[in-house]
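What follows is one structure encoded as structure tokens, with my remarks underneath.
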Amino acid sequence: MAALSPANRYDFYIGLGLAISSSVFIGGSFILKKKGLLRLASKGSMRAGQGGHAYLKEWLWWAGLLSMGAGEAANFAAYAFAPATLVTPLGALSVLVSAVLSSYFLNERLNVHGKMGCVLCILGSSVMVIHAPQEEEVDSLNAMAEKLKDPGFIVFAVSVVVSSLILIFVAGPRYGQKNVLVYVLICSVIGSLSVSCVKGLGIGIKELVMGQSVLKNPLFWVLLICLVACISTQINYLNKALDIFNTSIVTPIYYVFFTTAVMSCSAILFKEWNRMGADNIVGTFSGFLTIILGIFLLHAFKDISFTWDTLPLFLRGQRGGPWGKPYVALASQEAETEGQQAGRGSQQSIFS
């Protein structure tokens, strides 16, 4: 990343601080919302995944919504001070916050693989920030309007809208209850457009503070309406995903697809990659692949009871026993006795 002037460095640190605080608030909001949804499920209320809206009466859900609102507000401000490709990768910190808090407050297990995945997410985000591309300067709504007229962005936006409608009306009713990707993809692809709206509104607010008549510009209100529609859709389908699936699954998968969509949208809209050198391109992709590896560790091995204490057993299991069979952890005497009794019971039931 090129050297920054003192003014730009000041903006950089403001955007960095806002992005980090945003991740903390957003990561905590997942836990509060999930806690509220679980309380409603224990009371027998219709669940959000089945189309219910009883969560609107649950104060924990509202606390989560307020926390997410604070995070989104901080994120909104961060985009006004820094490029989208600098702010968005820091969202990996919300994965770390959510994973750690869910292990304490939701009793969702975070094994060694999950902890390593969190570390890799942080390292990958750091690399992406270091090699962040420099976006083209867009300092007015008029310049933003010219960007939005670009044929490449129009094709991208139409593709997002069409794919979202297909996911909502075709894939959602059929596979939404069984496949976590359906609802998460809806949130992610629509989120790419919401970030573009946020960027444009941030520019408009800057102009408004400088005394320009931004409120008379139709683009400002169009961006505001689009942002409200996008965020409303994201909240609805994110609630469904959180209600049906484990938080430690939803959060990292959402981050991967959301970051990919935002980076693609930002690259098309602001032409950020045109000014990048080969080292920054390699660094950006390396950082993102590192994050994906971390997400994979969080997701693929979440059900494995693996701790540092069992590491010697796993290592010895690779060598094999005297008959070529791998070593396994021995069951306790009580469990072995219960297993033998269950076996004898099943045999008696078969022959009776």
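The values are calculated or read from the model by the stated rules, or taken from the named source; none is laboratory data. Predicted, not measured: the structure shown is a model, and the values here were computed from it. Positions of Cβ are generated from backbone atoms using ideal geometry, with glycine treated the same way; all protein chains shown enter the neighbour counts. Just so you know, the surface numbers come from the protein's heavy atoms only, side chains and all, with ligands and any DNA or RNA stripped out. Shrake-Rupley method; radii C 1.70, N 1.55, O 1.52, S 1.80 Å.
Distances over 19 Å make up what percent of all Cα-Cα pairs in the stretch 211-305?
It works out to 62 percent of all Cα pairs.
Once you list every other residue whose beta carbon is under 14 Å from the beta carbon of Gly28, what net charge do they have if Lys and Arg are +1 and Asp and Glu are -1?
Once positives and negatives cancel, what remains is +2.
Accessible area of Asp139, 1.4 Å probe, to the nearest 10 Å²?
Looks like 110 Å² after rounding.
For Lys178, what accessible area in Å² do you get when you roll a 1.4 Å probe over the heavy atoms of the protein chains, rounding to the nearest 10?
Here the accessible area works out near 150 Å².
Under a 1.4 angstrom probe, counting protein chains only, how are Val256, Val184 ranked by accessible area, largest first?
Result of the area sort, largest leading: Val256, Val184.
Using label points projected 7 Å from each Cα along Cα→Cβ, tell me how many nm separate Ile154 and Ile235, to one decimal.
It is 3.3 nm.
Using only the heavy atoms of the protein chains and a 1.4 Å probe, how would Lys216, Lys149 rank by accessible area, largest first?
Greatest to least solvent exposure: Lys216, Lys149.
Just the number, please: carbon plus sulfur as a percent of the accessible area of the stretch 107-242, 1.4 Å probe, no ligands or DNA/RNA counted.
69
Give the accessible surface of the stretch 81-166 per residue, rounded to a whole number of Å², with probe radius 1.4 Å and ligands, DNA and RNA excluded.
In whole numbers, the stretch 81-166 has 45 Å² accessible per residue.
Could you pull out the pairs from Lys149/Lys271; Lys216/Lys271; Lys115/Lys240; Lys35/Lys199 whose alpha carbons sit more than 22 Å apart here?
Violating the 22 Å limit, Cα to Cα: Lys216/Lys271; Lys115/Lys240; Lys35/Lys199.
Which value, in Å² and to the nearest 10, is the accessible area of Met276 when all protein chains are kept and the probe is 1.4 Å?
It works out to around 20 Å².
How far, in nm, would the chain grow between Ile166 and Phe296 when pulled straight, counting 0.36 nm per residue and subtracting the alpha carbon separation?
44.1 nm
Go through Tyr13, Tyr255 and list them by solvent-accessible area, largest first, probe radius 1.4 Å.
Tyr13, Tyr255
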